[in-house]
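The values are calculated or read from the model by the stated rules, or taken from the named source; none is laboratory data. A quick note: this is a predicted structure, and the numbers were derived from the prediction, not measured. Here the Cβ positions follow ideal geometry from the backbone for every residue, glycine too, while neighbour counts run over all protein chains shown.
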Amino acid sequence: MTSSSEAVFLQGERVELKPLGRSDVSPDYLSWLNDVDVLRYRSPKSFPTTLAQLEDWVTSIPARGELVLSVRARADGRHVGNISLGTILWPHRSAELAIMIGAKDTWGKGYGTEAITLLTSHAFGTMGLHRLSATSPNPAFNASVRKLGWTQEGIRREAFFVDGRFVDFETWGLLEQEWQQGKGRLR
C-alpha cells in the first residue's frame with residue numbers, strides 16, 4: 001500500500017483526493033510518465049521524464065498557483081492518478097480541469113469520472129468559480145465529461161497526432177449554474 005502523508009482533501013465513494021506532494025514522487029508515478037499507453041493522449045510523450053524532473057515539477061506546484069491533487073483508491077490508499085485545476089483566472093472565476101489516471105489496472109473503473117465530479121463540486125461549491133473548461137483528444141476523458149453533462153464547445157480539428165494519425169481535440173465547458181441544476185455530477 002502506498003499512501004501520501006497528506007490528509008484527505010475530498011472524498012468520494014471509491015476515491016479520495018489529497019494534495020500532491022513530495023511524498024507522492026515514487027517509481028510507480030515516474031513509470032506512468034514514461035509509459036506509452038499512459039502518454040498516448042498527453043502532450044509530453046516525445047521525451048522521457050526523469051526522477052529529478054518529476055521532483056522539480058511537484059515541488060513547483062505552489063508557485064504555479066494550481067490546485068493539483070493525487071487521486072487515490074479509497075480501498076487501499078494507492079495513488080492511481082492526478083487531477084488538477086490550472087490556469088485559474090480569479091477575475092473571471094474560471095479554471096481548466098485536467099486529469100491523468102496512470103495506474104492502468106484502474107482504467108475503466110470510474111475513478112476518473114468520480115474524481116472529476118469531486119473536483120467540479122469543490123470548484124463551484126467551495127472555490128466560487130463560475131466556469132470550468134477542459135480540452136482533450138482522449139476518448140475516455142471525453143466520454144466521462146459527456147456523461148457528466150459538460151457541454152461540448154468546439155473541436156480543434158486534427159490538432160493531435162496519435163497512433164499514426166491526426167485526431168481532434170474536443171473542447172468542453174461547464175458553468176456554475178449548470179452544476180447547480182445537476183450537471184457535472186454522478187447520477
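For the criterion of being β-branched (Val, Ile, Thr), farther than 22 Å from Ala143 by Cα and under 16 Å from the mean Cα position of the chain (by Cα), Ile83 fails. Please enumerate the residues belonging to the range 160-173 that are farther than 16 Å from Glu96 by Cβ, free of Cβ contacts under 8 Å to residues at least 60 places away in the same chain and either surrounded by 14 or more Cβ atoms within 10 Å (Cβ to Cβ) or of a type in the set (Phe, Trp, Tyr) (or both). Phe161, Phe166, Val167, Asp168, listed by residue number. Of the residues examined, Val38 is one that is closer than 28 Å to Val167 by Cα, touching a strand residue (DSSP E or B) at 6+ places or on another chain (Cβ under 8 Å) and outside any strand (DSSP E or B).
Only residues that are in a loop (DSSP other than H, G, I, E, B), touching a helix residue (DSSP H, G or I) at 6+ places or on another chain (Cβ under 9 Å) and not basic (Lys, Arg) were counted in the range 75-118, giving 5.
Considering only residues in the range 120-136 that are hydrophobic (A, V, I, L, M, F, W, C) and assigned to a strand (DSSP E or B), the one that is surrounded by the most Cβ atoms within 10 Å (Cβ to Cβ) turns out to be Leu132. In the range 23-70, the qualifying residues are those that are aromatic (Phe, Trp, Tyr) and within 25 Å of Leu10 (Cβ to Cβ), and the one that is surrounded by the fewest Cβ atoms within 10 Å (Cβ to Cβ) is Trp57. Scanning the range 137-165 for residues that are of a type outside the set (D, E, K, R), closer than 24 Å to Trp107 by Cα, modelled with pLDDT under 95 and assigned to a strand (DSSP E or B) yields a total of 3. For the range 3-35, filtered to residues that are part of a loop (DSSP other than H, G, I, E, B) and aliphatic (A, V, I, L, M), the residue that is farthest from the chain's Cα centre (by Cα) is Ala7.
Report whether or not Val71 is at pLDDT 95 or above, part of a strand (DSSP E or B) and in contact with a Lys or Arg (Cβ under 7 Å, 6 or more places away or on another chain). No; evaluated as a whole, the condition is false for this residue. Selection of first residues in the range 98-127 that are aromatic (Phe, Trp, Tyr) and of second residues that are assigned to a helix (DSSP H, G or I), restricted to Cβ pairs under 7 Å at least 6 apart or on distinct chains, gives the following pairs, ordered by first then second residue: Phe124/Glu176; Phe124/Trp179. Residues in the range 42-68 that are of a type in the set (Phe, Trp, Tyr) and at pLDDT 90 or above: Trp57 alone.
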